[in-house]
Amino acid sequence: MIDSESNDTVDYGRLVWSDDLVLGVNSIDEQHREWIALVQAFEHAVTEGRPAEEMRSTLAAAVAYTESHFADEQQVMEEAGYPFLDDHIGQHQLAWDRVHAFASGEVADEEMRRSLAEFLPQWLMLHINTADRQFARWLKGTMTPGTGSGTSPGGPTGPDGRVFGDIPV
Ligand SMILES: [Fe+2]
């Protein structure tokens, strides 16, 4: 689904695909588009109060795709020799742990779905726009720490080489 409303700015609070999210790495961009569609389906099922079976099935599809997407994306990064791969895997892992914490059975289904329907869209949008974008910039050899403009080349900012050291997960 394409939302043409937000071509200039990205609202991290809303889960919509827009050209702002294109990283220029085709295989990852295609997966991000599909990933967003699946998480959107789950989010809509929850916010629209769809039958429990629809919430369950859309959540299962979104979670399964999240897992396979993480694995595929990490493979692309590994094959490219991405120097911050461990850091990126760590971010995926934290999100994954959070999803599993929700789905551990200790939280009531209703509460778990509502929490995930809030967490997943926000995390996904922020992650694509920060950590995944960092990889795309590195791949193109024009990493621009902190500016977000994509116009001036530069190197890592922090002492440990992380460009986006404060990404919440
Ligand atoms: Fe990622």
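The numbers here are math on the coordinates, done by the rules we state, and not lab data. Bear in mind that the values here come from a model prediction, so they are computed numbers and not experimental data. Using ideal geometry, Cβ is built from the backbone for each residue, glycine included, and neighbour counts are taken over all protein chains shown.
Once amide H atoms are placed 1.01 Å from N in the peptide plane, what residues at a sequence separation of 5 or more from W17, or on another chain, have their amide H within under 5 Å of its amide H?
D3
Grab the other residues whose beta carbon is less than 10 angstrom from that of A45, score K and R as +1, D and E as -1, and report the net.
Working: positive: R50, R56, R113; negative: E43, E48, E53, E54.
Once all neighbours under 10 Å are counted, the net charge is -1.
If I stretch the segment between F119 and Q93 completely, what's the gain in nm (0.36 nm per residue apart, minus their alpha carbon distance), one decimal?
Numbers: separation 26, 0.36 × 26 = 9.36 nm, distance 1.46 nm.
Once the chain is fully extended between F119 and Q93, it gains 7.9 nm.
Under 1.5 on a/c is rounded, so check that first for the range 11-57, then, if it is not, pick prolate when a/b is larger than b/c and oblate when it is not; a ≥ b ≥ c are the square roots of the alpha carbon gyration tensor eigenvalues.
Details: a/c = 5.12, a/b = 2.03, b/c = 2.52.
Verdict is oblate for the range 11-57.
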